[in-house]
Every structure is written in C-alpha cells, then in structure tokens.
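Quick note: the coordinates plus some simple rules give every number you see, no bench work behind them. This is a predicted model, so every value here is computed, not measured. Counting neighbours? That spans all protein chains shown, and the Cβs are built from the backbone with ideal geometry, glycine included.
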Amino acid sequence: MILQKLLFVFYTSSLFWKNNLCADNRKFPSDFKFGVATASYQVEGAWNADGKGENIWDHLTHSQPHLVKDNSTGDIACDAYHNSKEDLALLEDLGVDFYHFSLSWARILPTGYTDGPVNEAGVKYYANILSELEKRKIEAVITLFHWDMPQKLQDDFGGLLNDTFIDVFASYAQLAFRLFGSRVKYWITFNEPFIMCQHGFENARKAPAITKAPGIDLYTCGHVVLKAHAKTYRIYDKLYRKTQKGRIAIALDTDWFEPASADPKDLEAAERFLQFQFGWFAHPLVFGNYPQVMIDRIEERSKKEGFKTSRLPEFTKKEIDEIKGTFDFIGLNHYTSTLAKWREDIAIGKPESSKDLSVSVSKDSSWEGSASSWLKVVPWGLRKIAKWIKDTYKNPEIMIAENGYSDPGGILNDSRRINYYREYLSNVLKAIYDDGVNITAYTAWSFMDNFEWLEGYTQKFGLYSVNFSDPERPRTPKSSVNFYKNVIRTRCLVDRCL
Ligand code: NOJ
C-alpha cells in the first residue's frame, strides 16, 4: 500500500514536471496584453490586385527567383487580402488582445508618393480590417513599414540610401494617421532596421539586396531610418496624438549575446555586439547619438582604410535633438541567443561591417534547434535581454513585438512550439516580477504560416497552418493555438496559477 502510494506520488509529480516543465506559476498582470503578428508581404498575396503597386519584394522575387530557397514568391502567400473575414474570425476565437500587422505601402500608394494616386481599394481593405477588429474588441498594432518599399521609390532615388526617403516616408505615415489613426492606438514606424539595413545592403539577404558598398550603405540606411522615424514621431506628436491618443515606437531586433566564457574580454565582446545591434538604433532614440563604441571603432577603421571621415554618418546637433526621446515604448523582436567571443581585430582591408564589430559568434551545442539555423531555443536569453534593456536604456516600457519558433511545416501537433512559447513566456514573467522590467505586451510570431523571405515556405512560424498547395489557402489550427488561447484566457502558463 505504502509502495503504491509512493509510486502514485512519483507518477503525478513526474507528470507535473513533464507538462509544466519549470514554467512560472505566477499570473500575468491583468493589464498585460497578448497578440499575434503578421506582415503584409508575408501574408497578403494579391501582389498586383485592385491597383496595388509593385514593391521591392515583388521585384526581387520576380527578377531573381533563384535567391529564394524554394523559388517561391509572396504573389499569393496566404492570400490574406481575400481572406480577412475568416482571419478575423480566427483572431476572435484565439481571444487576442491585439493584432499586430503591417500596411503594404504600395497597396495604399502605388507609386509610394502622397502626391501620386491613392488606391481606394487598398485603403478600403485596411479600413475594413480595422472596423472589424474594433467590433471584436481587438486592438490594432500597425507597423508602417515591414520591408516592402514601393519599387518606384527604390528606382527614383535609391530608397533607404537617400535622405529624400525621410519626407516621402513621413508623408505616407501622415496619410496613414489621417486615414486610420482614430482606430489605432499603437503605431510602429519601422520593423527591425538592423536586419533591414544589414540584409538589404551588406549581405543581400533581404530586398533590395544591393551590396555595392559594404561597410558604408548599411550605416547610411540606418541613418536615414532614424531620421525618418524621428520626423514621423514628431509629426504624430504635434498633429495627431492629442486627438487620436495613440502611441508610437519602432521595433528593434536583437539576440541576447551571452559571453562565451567568464573572461572579461568575452564580456566586452558580448556587450559590443549588443551595442552594434540593438544600441545602433536604441542609443540614438534614448540618448541622441550612436553608441560610443560604434562611433570610435568605425571612425578608427575608416581613417586607417583611407576615408576622410567615418563610414558611420554623423548627426547634426539639430538632428540629435530631433531624434532623442522619440519613442513611447520600445518594440522588441527577440527569438534567440548567441555566444559571443572576443577576437583580435581583423586586419585593415576592404570595409565590412562585421570587421567593424569583430566578434566571434557561435551557438551552444546543447541549445535545441528549429527549422531556422539561426534560431536556437534559449528561453532565459529573453529574460537577460529584457533586463539589459531596462538597465541600459532607463527602464523603458517594452512591447515584445515578435517572438516565435519555426519548424519545417506539416506538424499540427507542434509540441516544440508550445514548449518554446511556454518557456519564453515563463521568462517574461521572471523579467516582470523578479527583475522589474516594464514589459506590457507579448506578440507571438506568427498568426499563421507565411512567406519567410529568402527561405520561402520552408520555415513555418504559424500558430495556424496554411495549405499553400490549395488555391483556397485553408488555415488549420495547430496544437499551439489551444495552448496560446488558454494562456490568454487564464493569463497563466500552468494548470493553475498562484
Ligand atoms: C522577424 C521579421 O520581422 C519577420 O518578418 C520574420 O518572418 C521573423 N522575424 C522570423 O524570421
């Protein structure tokens, strides 16, 4: 009898640990918000329907199809453009507090310019989504620019490499505020400028995939983005905030960089990477200028390379004043961690941003993988990056604007994704309650499987699976839908919270 009882206790407690792992059993604050995200080019499809203009992703996938792993495009993608009714029903069923999506600039302004034609069908598409969200009491978090620049702006003046972009973007943003602002409380100007500028202009992993000037163009791009962001923020502040009562920010991506050893040099390497990735954009927003380590290293190398001035552009005093403080919260896109190891500086030669940074990176072999080589499951990294942001940038409010896990697809019983979400969310709780980080919202990437840029449809991040060989693009919930639904409903990660 005693043995039986002991066995039972052992069995039930092992089940507890199996099912709950070490998930935190505290409740999320009652005003904490949960959402899901998508981005226009990745889900909408309808690439040339109803007057939409061409954008740089249409252009890239059509002109250089070999760049995409499965030679696919976002021409149809999830066909979200024709499926909003069904998608809104799914969002309602999921019970999310908000839906984070982006506007396709060229669907609203086919040429990109506000003095060009406004595409009424595009405006109607987003206006309808917004009113349907409102009916369902789901808030909208809108990203103005998730990488799909109207092609005409790329052709006319080189897009993100030209200061002309700043006013053109600000006018587009203003149009969006005028059209939709009364129903939007959260605006994000740019998604992941680090990835956008580095992949767009340094290593051709994203459109426009121009690599004419490594070590130069990506910094120009970052400079233009920061000025366009600041201008837009100031306009919102001055003309729209009072009546529309929204908040505006930028979404920055970063890994957590864990020092490869306790050697102070590795600590320095890890910190340097954080500064070169997150600090590149966060530092100007909080303090007005780039991180000192970026300024110093890039200037020193530029001079040795024979440049008269640093390859990292300088802000004028006026620009510093304009940029400083232009955020109401910080959008954090975080997926994974990386080990950082100090290395000798690379010899002076052709400029390259990785030489400016000069840190050796690797992944710990014990970290669980995913379908994306860069994405290892390191839940505690989220807690560390959140705490680092709190300590480095004066405790800003943080919205986790993206976080998620990829598999190769075809897996409806996605227990690994559930485990990822549970463990990462557990670390959100620890960051909030144990470290005092001001995290107010969490966004699962992604609402549904979609076009993963140059990986095409080979890496799936969705809560809902999409059948891409069926013209109707039917959506099917994965097991993670039930898990997330439950978390949202109970605000709790385990069977019962404290
Ligand atoms: C970040 C990007 O914003 C999104 O477009 C992408 O699909 C996910 N990360 C996953 O890589």
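Here is how the numbers come out for the structure above:
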{"item": "Which numbered condition PHE201 misses (of (1) touching an Asp or Glu at 6+ places or on another chain (Cβ under 6 Å); (2) within 16 Å of the ligand (Cβ to nearest atom))", "result": "(2)"}
{"item": "Number of the exception - ARG247 against (1) among the basic types (Lys, Arg); (2) under 19 Å from the mean Cα position of the chain (by Cα); (3) over 29 Å from GLN64 (Cβ atoms); (4) buried (at least 19 other Cβ atoms within 10 Å of the Cβ)", "result": "(4)"}
{"item": "Residue in the stretch 491-498 that is touching a residue at least 60 places away in the same chain (Cβ under 8 Å), among the basic types (Lys, Arg) and in contact with a Gly (Cβ under 9 Å, 6 or more places away or on another chain) present", "result": "no"}
{"item": "Hits in the stretch 254-280 - residues which are within 15 Å of the ligand (Cβ to nearest atom) and touching a Leu at 6+ places or on another chain (Cβ under 8 Å)", "result": "THR254, PHE278"}
{"item": "Of residues in the stretch 69-115 being hydrophobic (A, V, I, L, M, F, W, C) and in a loop (DSSP other than H, G, I, E, B), the one nearest to GLU139 (Cα to Cα)", "result": "VAL96"}
{"item": "Matching helices (runs of 4 or more DSSP H) fully within the stretch 268-325 where at least 3 residues are among the aromatic types (Phe, Trp, Tyr)", "result": "280-287"}
{"item": "Breaking point among (1) more than 16 Å from the ligand (Cβ to nearest atom); (2) touching a Leu at 6+ places or on another chain (Cβ under 6 Å); (3) within 22 Å of GLN154 (Cα to Cα), for THR232", "result": "(2)"}
{"item": "Test: ARG234 is under 17 Å from ALA170 (Cα atoms) and either assigned to a helix (DSSP H, G or I) or touching a residue at least 40 places away in the same chain (Cβ under 8 Å) (or both)", "result": "yes"}
{"item": "Residue that is in contact (Cβ under 8 Å) with a residue 24 or more places away in the chain and in contact with a strand residue (DSSP E or B) (Cβ under 8 Å, 6 or more places away or on another chain), where the choices are GLU132, GLU54, GLU92", "result": "GLU54"}
{"item": "Restricting the stretch 277-311 to residues that are aromatic (Phe, Trp, Tyr) and surrounded by fewer than 22 Cβ atoms within 10 Å (Cβ to Cβ), the residue that is nearest to PHE257 (Cα to Cα)", "result": "PHE287"}
{"item": "Pick from the stretch 454-478, criterion part of a loop (DSSP other than H, G, I, E, B) and aromatic (Phe, Trp, Tyr), ranking: farthest from the ligand (Cβ to nearest atom)", "result": "PHE468"}
{"item": "Residues of the stretch 37-72 satisfying the condition of being touching a His at 6+ places or on another chain (Cβ under 7 Å) and within 30 Å of SER426 (Cβ to Cβ)", "result": "ALA37, ALA39"}
{"item": "Scan of the stretch 313-330 for residues that are within 24 Å of PRO396 (Cβ to Cβ) and either of a type outside the set (D, E, K, R) or in contact (Cβ under 8 Å) with a residue 60 or more places away in the chain (or both), ordered by number", "result": "PHE315, GLU319, ILE320, GLU322, ILE323, GLY325, THR326, PHE327, ASP328, PHE329, ILE330"}
{"item": "Residue count for the stretch 52-71, restricted to those that are surrounded by 17 or more Cβ atoms within 10 Å (Cβ to Cβ) and either among the acidic types (Asp, Glu) or under 27 Å from VAL481 (Cα atoms) (or both)", "result": "2"}
{"item": "Selected residue (criterion: farthest from the ligand (Cβ to nearest atom)) from residues of the stretch 121-165 that are in a helix (DSSP H, G or I), of a type in the set (S, T, N, Q) and within 26 Å of PRO193 (Cβ to Cβ)", "result": "THR164"}
{"item": "Checking LYS394 against (1) surrounded by fewer than 17 Cβ atoms within 10 Å (Cβ to Cβ); (2) over 18 Å from the mean Cα position of the chain (by Cα); (3) under 28 Å from SER261 (Cβ atoms), the condition it does not meet", "result": "(3)"}
{"item": "Selection within the stretch 239-293 - more than 23 Å from SER337 (Cβ to Cβ) and of a type in the set (Gly, Ala, Ser)", "result": "GLY246, ALA249, GLY288"}
{"item": "Subset of the stretch 51-68 [farther than 21 Å from GLU120 by Cβ and not in a helix (DSSP H, G or I)]", "result": "GLN64, VAL68"}
{"item": "Some residue of the stretch 309-332 being within 16 Å of the ligand (Cβ to nearest atom), out of contact with any strand residue (DSSP E or B) (no Cβ under 6 Å at 6 or more places or on another chain) and among the aromatic types (Phe, Trp, Tyr)", "result": "no"}
{"item": "Filter result for VAL118 (touching a residue at least 12 places away in the same chain (Cβ under 8 Å), outside any loop (DSSP other than H, G, I, E, B), hydrophobic (A, V, I, L, M, F, W, C) and farther than 16 Å from THR38 by Cβ)", "result": "no"}
